[in-house]
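Working notes, beginning with the structure itself.
No lab work stands behind these numbers, since they all come straight from the coordinates. Owing to the predicted nature of the structure, the values given are computational and were not obtained by experimental measurement. Please note: Cβ atoms are built from the backbone with ideal geometry, for glycine as well, and neighbour counts cover all protein chains shown.
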Amino acid sequence: MAAHFVIVGNGAAGLSAAEEIRRRDTQARITILSDEPHLFYSRPGLAYYLSGEIPERRVFARTPQYYHELRLDLVHQRCEQIWPADHTVELADGRRLRYDALLIAVGNRAVPAPFPGADLDGVVYLDMLDQAREIVRRTRKAHQAVVIGGGITALELVEGFHARGVHTHYLLRRDRYWPALLSEDESRLIEDRLEEMGVVLHRNTEVVALEGRRGRVHRAHLSTGETLACDLVGVAIGVRPNLALAKQAGLRTDRGILVDEYLRTSAPDVYAAGDVAQIRDRWSGEYRLDSLWPSAIASGRAAGANMAGANEPYEKGIPFNVARLCGIMLTAIGQAAAQRTPDEARLDISRGSSQVWTAMPASDYARLRRARGSDSIRLVVRDNVLVGALVLGNQSLVTPLLELIGAEVDVSEILPQLWDRERPFADVIEPFWRTWKASQNGHGRPQD
């Protein structure tokens, strides 16, 4: 009898797992459960839809025909309960499905706003396609918006509101944008671009309460004593893994679902991958969370392979993400933080980021930076090894840095040149990377 694999979640990790299972087992029965009424779509693409740069149809990354050809049974039902002892799941409509192996890939959700008035009509989040649709609809009549939060999602909301003609106030809880990741100069690049756009920045400012009128948000009362009229309040203060199913099933959890090197949970034949899984990383030696599209795809594939019998340990790759902030491209790789964040391990992660970015063990780190205009490169070095990088603007060094950091290459021979402020990083890193690449390929000369 063909094995039955059940996957809870139709996002990047869930679909990647299904594709890998099908690649390895042409006879298996594969069921994907989703509480959204959609086919697979690009979560990163929602920002471009919100800003009006792409139509909604381009957000979708798979067609009905694709699911049909791979014989993936997509069921638009919420999974309400898991019975590990019985190898059974229960759906919202009361149906029960038996599984041979189960994957939990339910992702995360936005942290709800903590202040009075957070339940008023007009308080919005950008987690899912339906929420993006609702924001687009509301911007047609809105005049002024307030956005709270840091990281990528907050900027997506700010840029989306601005692009749709809504005057926007952006509240920064601290004195600058994204201090957990960016240096002061890097933050200033983004803030200057926001102010050029006409966005009003409020530093060291938080919402203390929202005031409504007939159930709709009307005013925001700020920690500075100011009051802002507003039709929309965008909230992006972090995300947390969806742990309800795992806890109900009695699985071991911390901030996410704890998994071993095979992405197995504490229950037999139950796996977890993607944003909901807390996976060990080799840099800190700790179990940490990612909310990254590439990481979700990679862990989903690994989980799918092991569900199908591969029995291959998964080593999390170098966490990285590429984003566009106010028209400036940003790539963060590895331990990229500009400084250690107090109690960073307990902070809520933001969508599009990784706890590894701010993982700073006790040993000394060195940070080197070059900047020219809106282009900036910052390198993080520990024990003669590149362990992180942050690239703003020109992205030509991203591939060399990603490969050198991922392979933990000793860069001691070029460190004196990297410290030389008169030498552009590209003049040092590019030839070093090409030589290293050639040695890995077994060739006598660098490869193009």
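General observations
- For Lys437, a cut-off of 18 angstrom between C-alpha atoms picks up these aspartates and glutamates, skipping any fewer than 8 places away in its own chain: Glu403, Glu408, Asp410, Glu413, Asp427, Asp448.
- A simple packing score, the average count of other Cβ atoms within 10 Å per residue, orders the peptides 417-426, 112-121 as 112-121, 417-426, with the highest score first.
- Chain lengthening between Met197 and Arg78 when straightened (0.36 nm per residue, less Cα-Cα): 38.7 nm
- The chain, helix-only ellipticity at 222 nm - DSSP H runs n ≥ 4, -39,500 (n - 2.57), divided by all residues, nearest 500: -7500 deg cm²/dmol
- Applying 1/(1 + (r/R0)^6) with r as the Cβ-Cβ distance of Asp175 and Thr227 and R0 = 30 angstrom yields a FRET efficiency of 0.85.
- Centroid-to-centroid, using Cα positions, the range 237-277 and the range 1-68 are 20 Å apart.
- Segment Ala85-Arg282, extension gain: residue separation times 0.36 nm, minus the distance between their alpha carbons: 67.7 nm
- Listed by Cβ neighbour count within 10 Å, with the fewest neighbours leading, Cys79, Cys230 appear as Cys79, Cys230.
- Whole-Hz ³J(HN,Hα) from phi, Karplus 6.51 cos²θ - 1.76 cosθ + 1.60, for the range 283-289, glycine and proline x: 6, 9, x, 10, 8, 10, 9
- Using the Cβ-Cβ distance between Arg214 and Asn394 with R0 = 51 Å, the FRET efficiency computed as 1/(1 + (r/R0)^6) comes to roughly 0.55.
- Fewest-first ranking of Val409, Val89, using other Cβ atoms within 10 Å as the exposure measure: Val409, Val89
- Over the range 112-237, relative contact order from alpha-carbon pairs under 8 Å, at least 6 apart, %: 36
- Trypsin sites (Lys or Arg not before Pro) within the range 147-185, DSSP loop, no more than 14 other Cβ atoms inside 10 Å: Arg174
- Computed from the C-beta positions of Arg96 and Trp419, the FRET efficiency with R₀ = 60 Å rounds to 0.40.
- Contour minus Cα-Cα distance for His38 and Glu184 (0.36 nm per residue): 48.5 nm
- For the chain, the antiparallel share of DSSP beta bridges with both residues in that region comes to about 60%.
- Net +/- balance of residues flanking Arg324 in space, Cβ distance below 14 Å, scoring K and R +1, D and E -1: -2
- Which label in [x] 23.5; [y] 22.4; [z] 21.4 gives the computed mean projected area of the Cα convex hull in nm²: [x]
- Short-range pairs are left out: with C-alpha atoms under 8 Å and at least six residues apart, the relative contact order of the range 168-293 is 13 percent.
- Relative packing of 98-106, 133-141, 60-68, which averages over residues the other C-beta atoms within 10 Å, highest first: 98-106, 133-141, 60-68
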